[in-house]
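So the structure is just underneath, and the comments pick up after that.
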Amino acid sequence: MVQVYDHLTPGFVKRAPVAWFASHRHTAEGANEPYQYSYLFAYAFEVPPGAKTLTLPNNERIRILAVTVANRGPAVRAAQPLYDTLERVRQ
């Protein structure tokens, strides 16, 4: 029997800025799970002058690792994309 594919579902790529990446994770017992990729994403928010609090969404699927506030300095950006953009690079 010949199996014929009539379509492919494109892979999902989250376009948020990647702040950290891991090529594996660990089980509760401490064993490695290779190719179970983990990502932390960085988000920037404009803060209104005089703001004293930050209200986060009430969502059990959101995990906040850290929050930093700065008044000055250039935005940090990656030198190269941190995920495959599928764009052809000419050399």
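Observations on the structure shown:
- Positions within segment 25-36 being under 23 Å from Ile64 (Cβ atoms) and out of contact with any His (no Cβ under 9 Å at 6 or more places or on another chain), in sequence order: Arg25, His26, Ala28
- Here Ile64 clears all of (1) part of a loop (DSSP other than H, G, I, E, B); (2) of a type in the set (A, V, I, L, M, F, W, C); (3) modelled with pLDDT under 85 except the condition numbered (3).
- Residue tally, condition at pLDDT 75 or above and under 24 Å from Lys14 (Cβ atoms), over segment 67-81: 3
- Scope segment 3-34; condition in a loop (DSSP other than H, G, I, E, B), among the charged types (D, E, K, R) and open to solvent by 100 Å² or more (accessible area, probe 1.4 Å); matching residues: Asp6, Arg15, Glu29
- Test: Tyr39 is closer than 30 Å to Asn71 by Cβ, surrounded by fewer than 11 Cβ atoms within 10 Å (Cβ to Cβ), hydroxyl-bearing (Ser, Thr, Tyr) and in contact (Cβ under 8 Å) with a residue 12 or more places away in the chain: no
- Exactly one residue among Ala51, Ala42 is under 26 Å from Val76 (Cα atoms) and over 17 Å from the mean Cα position of the chain (by Cα), and that residue is Ala51.
The values are calculated or read from the model by the stated rules, or taken from the named source; none is laboratory data. From a predicted model like this one, the values you see are computed outputs, not experimental measurements. Don't worry about glycine lacking a Cβ; one is built from the backbone with ideal geometry, like all the others, and counts go over all protein chains shown. Note: areas computed on protein heavy atoms with side chains; ligands, DNA, RNA excluded. Shrake-Rupley method; radii C 1.70, N 1.55, O 1.52, S 1.80 Å.
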